[in-house]
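Participant: Below: one structure in structure tokens.
The numbers here are math on the coordinates, done by the rules we state, and not lab data. These numbers were taken from a predicted model, which means no experiment stands behind them. Note that each Cβ is placed from the backbone with ideal geometry, even for glycine, and that neighbours are counted across all protein chains shown.
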Amino acid sequence: MKLAMFHEGGRDRLGVVEADTIIDVTANLPALSPDLADWLPGQDTSWRLLALLARESTARLPLSAVRLLPPLRRPSAFLAIGGNYASHLREIARLNVSVGEHQIWFNKQASCITGPFDDLIIPPGMSTLDYEVELAVVIGRRCRNVRARDAIHYIAGYTVCNDASIRERHHRSPTITLAKSFDSLGPLGPWLVTADEIADPHALQVRTWVNDELRQDGNTAEMRFNIFDQIEELSSAMTLEPGDVLATGTPAGIGAARQPPLFLAPGDVVRMHIQGIGDIRNRVVAAPPAQT
């Protein structure tokens, strides 16, 4: 299933997406939570119930008539891995950036999450907004010390993430959390595709266009550390909770690695596509001047 959170008629709702239609499963049952995160614990039962509600619901709307929200808004953890695609490693090597033999993880603050068609905001006084298309994994069950061979059973589904960042802030600190966590720098969506719909998450085409120019064109098969190894590594150190989001790396084509660098500017439109999931599209805008 494709499960989407959306806003319509003055309130948030939960729906099942079929082609160009969204089925509102909360229309006739307002007591049901419209927050997808609330459905993740006990997801097997939840998915069956949502499928049943979708079959019985008559509240069907064109996707174009609703505002899609991020499928997860405030996960307890929003984590991203660096340098995880072979092509991306080659391009950052030209920038004298190297990574070691181990997984490199950093935090994105959940407050940066925004919707699949919301604006990307350039902060005042900054000029190096960059894009990274990433397959995002959503954890479905509490997860601690999980082996890679068992990790598939802890995945609720997948969505598209733009792991955007302000490159000029990368060098101010030993960590890049601030560079990655400005408001709006975490578009997610357009929905959650349940794990059973993706036969092999390591065989998906991932692409980015800026103003209809293809900038990134890769495949999840390029990952140095596959998704299951990532879950094993993270869960060896921390407990992952239902709804946590893991951004799994980006292929070559980022703006910072171009000669000369090519960063996003107000008016640009960034579209990202992952095979089997869908598209997100975000317009770039300048933030209002800071108050003095």
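Participant: How far apart, in nm, are the 7 Å Cα→Cβ label points at Ser111 and Asn211?
Facilitator: 3.3
Participant: Highest mean first, how do 190-200, 102-112 rank when packing is the count of other Cβ atoms within 10 Å averaged over residues?
Facilitator: For the peptides 190-200, 102-112, the packing ranking is 190-200, 102-112.
Participant: Let me ask something additional. In square nanometres and to one decimal, what's the mean projected area of the convex hull around the Cα atoms of the stretch 11-70?
Facilitator: Hull-based average projected area comes out at 4.2 nm².
Participant: Read phi for every residue in the stretch 269-285 and hand back ³J(HN,Hα) as whole Hz from Karplus 6.51 cos²θ - 1.76 cosθ + 1.60, θ = phi - 60°, with x for Gly and Pro.
Facilitator: Karplus-based 3J(HN,Hα) across the stretch 269-285 equals 10, 9, 10, 10, 9, 10, 3, x, 10, x, 10, 10, 9, 10, 7, 8, 10 Hz.
Participant: Relative contact order, percent, of the stretch 98-236 when contacts are C-alpha pairs under 8 Å separated by at least 6 residues?
Facilitator: With pairs under 8 Å counted, the relative contact order is 31 percent.
Participant: Also, I was wondering about something else. With the Cα gyration tensor of the chain in hand, give its eigenvalues times 5 under a square root as the equivalent ellipsoid semi-axes, listed largest first in whole angstrom.
Facilitator: Gyration-tensor ellipsoid for the chain: 30, 23, 17 Å.
Participant: How much mean residue ellipticity at 222 nm does the chain get from its helices, if each DSSP H run of length 4 or more adds -39500 (n - 2.57) and you divide by all residues, to the nearest 500 deg cm²/dmol?
Facilitator: Result for the chain: -3500 deg cm²/dmol, rounded to the nearest 500.
Participant: Next question, about the same structure. Output the 0 to 90 degree angle, nearest 10, between the alpha-carbon long axis of helix 43-56 and the longest principal axis computed from the alpha carbons of the chain.
Facilitator: Value to nearest ten degrees: 60.
Participant: Still on this structure, please answer the following. Can you list the HN-Hα couplings for the stretch 218-227, worked out from phi with the Karplus curve (6.51, -1.76, 1.60; θ = phi - 60°), rounded to whole Hz and with x for Gly and Pro?
Facilitator: Residue by residue, the stretch 218-227 yields x, 9, 4, 5, 6, 4, 5, 10, 6, 4 Hz.
Participant: Continuing with the same structure: What spacing in nm lies between the two simple spin-label points modelled at Arg283 and Ala31, each 7 Å away from Cα in the Cβ direction?
Facilitator: Roughly 4.2 nm, to one decimal.
Participant: Assuming R0 = 30 Å, what is the FRET efficiency of Glu233 and Arg60, from their Cβ-Cβ distance, to the nearest 0.05?
Facilitator: Efficiency computed from Cβ-Cβ geometry: 0.10.
Participant: Please list, by residue number, everything in the stretch 2-30 whose backbone N is under 14 Å from a paramagnetic label point 7 Å out along Cα→Cβ of Asp183.
Facilitator: Inside the label zone: nothing.
Participant: For the chain, calculate the relative contact order in percent as a whole number, restricting contacts to Cα pairs under 8 Å that are 6 or more residues apart.
Facilitator: Rounded, it is 24 percent for the chain.
Participant: Roughly how many whole Å is it from the C-alpha centroid of the stretch 61-109 to that of the stretch 177-193?
Facilitator: The distance from the Cα centre of the stretch 61-109 to that of the stretch 177-193 comes to 8 Å.
Participant: Stick to the Cα atoms of the stretch 118-243, pair each with every other, and give me the Kirkwood hydrodynamic radius in Å at one decimal.
Facilitator: 16.2
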